[in-house]
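K.L.:
Let me begin by handing over the structure; questions about it come next.
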Amino acid sequence: MSDCHGETPRAGLLPNPSIQPPRPPGERPIIVAIVGPPNSGKSTLFNRLTGLRQKVANFPGVTVEHRMGKAKLKGHQEVFLVDLPGVYSLHPRAEDEQVTHDVLTGTRPDFPKPDAVILILDVTNLGRNLVLAAPILHLGLPTLILLNMADDLAQRGGKVDVAALSSELNSPVALISAAKGTGIDRIQQFLLGTAARLNAPPARIELPILQDVPKCRQWAANLGKRASYRAPAPPIWTRRLDGIFLHPVAGPLIFAAILVAVFQSIFSWATPIMDFLTVKVQSSGAWMTQVLPNSPFTSLLVDGVWKGVGSVLVFLPQILLLFLFIGILEDSGYLARAALIADRTMAIFGLQGKSFIPLLSAYACAVPAIMATRVIENKRDRMATIMIAPLMTCSARLPIYILLIAAFIPNTKILGDLLSLPTATMLGLYVLGFLAAIFTARVLKSSILKTKGTSFVLEMPPYRWPTLQSLSLRLVDRAKVFLRRAGTVILLVSILLWILAHLPLEGGKMPLLEHSYAASLGKAIEPFIRPLGFNWKIGIGLISSLIAREVMVSTLGTIYGIQGDEHSAGLQAALHHDLSTAGAIALLIFFAFAMQCFSTLAVVKRETGGWRWPAFQFSYMLALAYAGSWLAFHVAKHFLG
Amino acid sequence: MADPHHKAPARQQTLAELRTGQRCILDRLDLPADMARRLMELGFLPGNEIVLSRKAPGGGPRVYRVDGSEVALRQETASHLYVRRDPESDLIVLS
């Protein structure tokens, strides 16, 4: 909600602004850590300094993610930046703080100690933000202190004497605006000089006892006074917008309207793009079959690889659209308000408002959702949220839902033009997933994950305009992850399945599906799935979809030798030979509850630090799926005859 | 409005009893050490002024203005923060 008045923020005195020759080659690259409290603009700065030359990485063994990137610098010098988790202090309480602490003190064996630190602080609340300077300067590393949001400060009538602060702290200080890009040249100057400062003695200043929070706060307040800091007026737009978004009546209504609008637009906007991509995948597949010689290799390439991977790729637009919306909500500051509004409702199920953000993301994909649970400090609340996230209807369930509903649910109207039976079925499946999730949360939170009075402490950041750069970087990130998955896991499964379906050779020829290895697998589990109304062909699909749900559609396509996309009338007709309507309903229920996603299991393992929780989650969801589809099959058979 | 000679109540007031726009001074935090430290880092330090900025819709957490920022707390947490109120301050009504 800020507007730049064209005033260039003053830059602080840099004690050593000289550009020194780089260190001799052969040594490890220079690493500079970016540290700051939450909402201080750390990520915006990181994005601005590195652009697309960054990657998300994880520290092994813990749940904390960091981003590494190469700084864009003039000359040949290479400086790597690491974006550490936002912290209020270095007091190792939460896992995030522990990691930031360990990296900065060089006590992590898997990560080199940084050569310098960039401390970024929100200058609109300098008193509280400066508290973090005490533990950071205590480390004795060369430190550049950035006072971010200089444009906000100037606009709202605040001021600070950067030179005075710099000499008080005996460290370079600069006023910048990471969002606008002002003052960035000062940072580049600092980064270029890092090599020269490596052996420089640490800045000598008096620091308070770090354990004493009131003392530290007092120290920060005194510093502010000596730097003639004048706090800016409270952000007027944030107050006004909160008057609307947190209004007793309008607030919840807007909240509901935003949720509906997000889901509505994902389905209505993404559908034409998905249809377009589906047609493209099909036509290019047909073209390849024509152009390439008729051989097993062509069949592998077209039916195994291209259609398998292609049937998954069509979901990219939808996933990106959902991430775009979540990005806008998060960057604008609304998501914190949404968490506040959701808190009371979430409390009924034993959860808290911060669980709302991951659960919303889980409608796109459980993997980023589970990573987003890091905002929840309470370990048990976080565990419960991780456990229920895969029950939310993720986009990977859509292909099989769309296929089965189109094939088995008659297009009759329920409420005139408003609601048809297929739409109601789809909505019902979404509701079912949600109900299963909150029921599970309730059960977990009153048994193995019981807590004594869950707390909810959340700072409300000021509203801001989301920047195009940050939004596009998010989407590029997500697209990369998705494409990597399609190019590795799904590609491998598609090839493996094609091979299993075409071996062993019978007299030098490819066997009928019924005599293939794939069929043997399906027939092996047939006794277990027969009570659910599934035969061995569906069994093959279920086995392959353990890797990823969306593989089901391409598998059925391979099995029937028909183009595996959900709009294909051929596949729909073929399914009727192997599945009754009751069986189809059971299959829908199975997909609503079962944990058929290796990526999710892997990320849960990583986040919970072992196979215990993912194993529990897998068994629980499988049991739920089995019982649910058994019940659905028998009830449906009774009514449908 | 407020009576300047009014006596302090026998039982100490908590943050949870504050009305919208009212300000108070934090006296002490009766919470486990970890939670207290976390709140102190967010500005809930004894001696600091706290204003109830907004009540969330439907009786959810409340938003407090403290140390230059706004922080949401559940009522359950706020009821463990003991405060003193300067009756004079009621004359200043938050915009």
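K.L.:
Partner chain Cβ atoms within 10 Å, averaged over the residues of A:246-252 - can you pull that number for me?
P.N.:
4
K.L.:
Another question about this same structure. Could you state the angle between the C-alpha long axis of helix A:569-578 and the longest principal axis of the C-alpha atoms of chain A, as a value from 0 to 90 degrees rounded to the nearest 10?
P.N.:
That helix lies at roughly 60 degrees to the long axis.
K.L.:
With r defined as the distance between the Cβ atoms of residue A:412 and residue A:247 and R0 fixed at 45 Å, what FRET efficiency is calculated, to the nearest 0.05?
P.N.:
0.65
K.L.:
A further question follows. So what's region A:158-245 giving for Cα Rg divided by 2.2 N^0.38 Å, two decimals?
P.N.:
1.43
K.L.:
Where the centroid of each part is defined by its Cα atoms, how far is region B:41-71 from region A:90-167 in Å?
P.N.:
24 Å
K.L.:
Any chance you could check the Cα centroid distance between region A:305-380 and region A:539-554 for me, in angstrom?
P.N.:
With region A:305-380 and region A:539-554 each reduced to a Cα centre, they are spaced 24 Å.
K.L.:
As an exercise, take the mean of 1/r over every pair of distinct alpha carbons in chain A, invert it, and state the Kirkwood radius in angstroms.
P.N.:
27.3 Å
K.L.:
Using only the Cα atoms, what convex hull volume per residue in Å³ does region B:15-87 have?
P.N.:
75 Å³
K.L.:
Additional query: Pairs A:72/A:159; A:42/A:480; A:159/A:180; A:445/A:480; A:413/A:637: which are spaced more than 24 Å apart, C-alpha to C-alpha?
P.N.:
Violating the 24 Å limit, Cα to Cα: A:72/A:159; A:445/A:480.
K.L.:
Now, a different point. Shielding of B:59-65 by partners, i.e. mean partner chain Cβ atoms within 10 Å per residue?
P.N.:
Across the residues of B:59-65, the mean count of other-chain Cβ atoms within 10 Å is 6.
K.L.:
Within the set of other residues whose C-beta is less than 13 Å from the C-beta of residue B:29, count the net charge using Lys and Arg as +1 and Asp and Glu as -1.
P.N.:
Charge balance near residue B:29 sits at -1.
K.L.:
Oh, and also: With a Förster radius of 56 Å, plug the Cβ-Cβ distance of residue A:495 and residue A:170 into 1/(1 + (r/R0)^6) and report the FRET value to the nearest 0.05.
P.N.:
0.35
K.L.:
Let me check I've understood the local charge: for residue B:60, count other residues with C-beta under 12 angstrom from its C-beta, Lys and Arg +1, Asp and Glu -1. What total comes out?
P.N.:
Residues near residue B:60 contribute +4 overall.
K.L.:
Taking every pair of alpha-carbon atoms in region A:106-256, what share in percent sits in each 5 Å bin, from 0 to the bin with the longest distance?
P.N.:
2, 9, 15, 18, 16, 13, 10, 6, 5, 3, 1, 0, 0
K.L.:
How big is region A:292-355 along each principal axis, measuring the range of its Cα positions in Å and listing the largest first?
P.N.:
Result for region A:292-355: principal-axis Cα extents of 63, 27, 10 Å.
K.L.:
Taking beta carbons within 10 Å but only from partner chains, what does the mean come to for residues B:30-41?
P.N.:
4
K.L.:
Ratio of region A:422-481's C-alpha Rg to 2.2 N^0.38 Å, to two decimals?
P.N.:
For region A:422-481, the normalised Cα radius of gyration comes out at 1.82.
K.L.:
Taking the Cα centre as origin and putting +1 on Lys and Arg beta-carbons and -1 on Asp and Glu beta-carbons, what dipole magnitude results for region A:391-530, to the nearest 20 debye?
P.N.:
560 debye
K.L.:
Against the 2.2 N^0.38 Å scaling, with N counting residues, where does region A:340-477 land? I'd like the Cα-based Rg ratio to two decimal places.
P.N.:
Against the compact-globule rule of thumb, the ratio is 1.25.
K.L.:
Here is a further query. If you add up the charges near residue A:598, with Lys and Arg at +1 and Asp and Glu at -1, over every other residue whose beta carbon is less than 11 angstrom from its beta carbon, what do you get?
P.N.:
Its environment carries a net charge of +3.
K.L.:
Let me ask something additional. Report the Rg/Rh value for region A:436-531, based on alpha-carbon coordinates and the Kirkwood definition of Rh.
P.N.:
1.26
K.L.:
Counting alpha carbon pairs within less than 8 Å and at least 6 residues apart, what relative contact order, in whole percent, applies to region B:15-87?
P.N.:
41 percent
K.L.:
If you take every DSSP beta bridge whose two residues both sit in chain A, what share of them, in percent to the nearest 5, is antiparallel?
P.N.:
45 percent
K.L.:
Radius of gyration and Dmax for region A:190-340's Cα atoms, expressed in Å?
P.N.:
In order Rg, Dmax, the Cα atoms of region A:190-340 give 28.6, 81 Å.
K.L.:
A follow-up question, please. Run through every distinct alpha carbon pair of region A:490-641 and return the Kirkwood hydrodynamic radius in angstroms, one decimal place.
P.N.:
The answer is 16.3 Å.
K.L.:
If you scale each eigenvalue of the Cα gyration tensor by 5 and take the root, what three semi-axes come out for region A:319-384, rounded to whole angstrom and sorted largest first?
P.N.:
19, 14, 10
K.L.:
Hey, another quick one. Using the charge dipole of chain A (Lys, Arg: +1 at Cβ; Asp, Glu: -1 at Cβ; taken about the Cα centre), state which of A:137, A:487, A:294 has its Cα farthest towards the positive end.
P.N.:
A:137
Rule-based calculations on the coordinates, nothing more; no lab input. It should be emphasised that the depicted structure is a prediction, and the values quoted were computed from it without experimental measurement. Quick reminder, even Gly has a Cβ in these numbers, built from the backbone with ideal geometry, and neighbours come from all protein chains shown.
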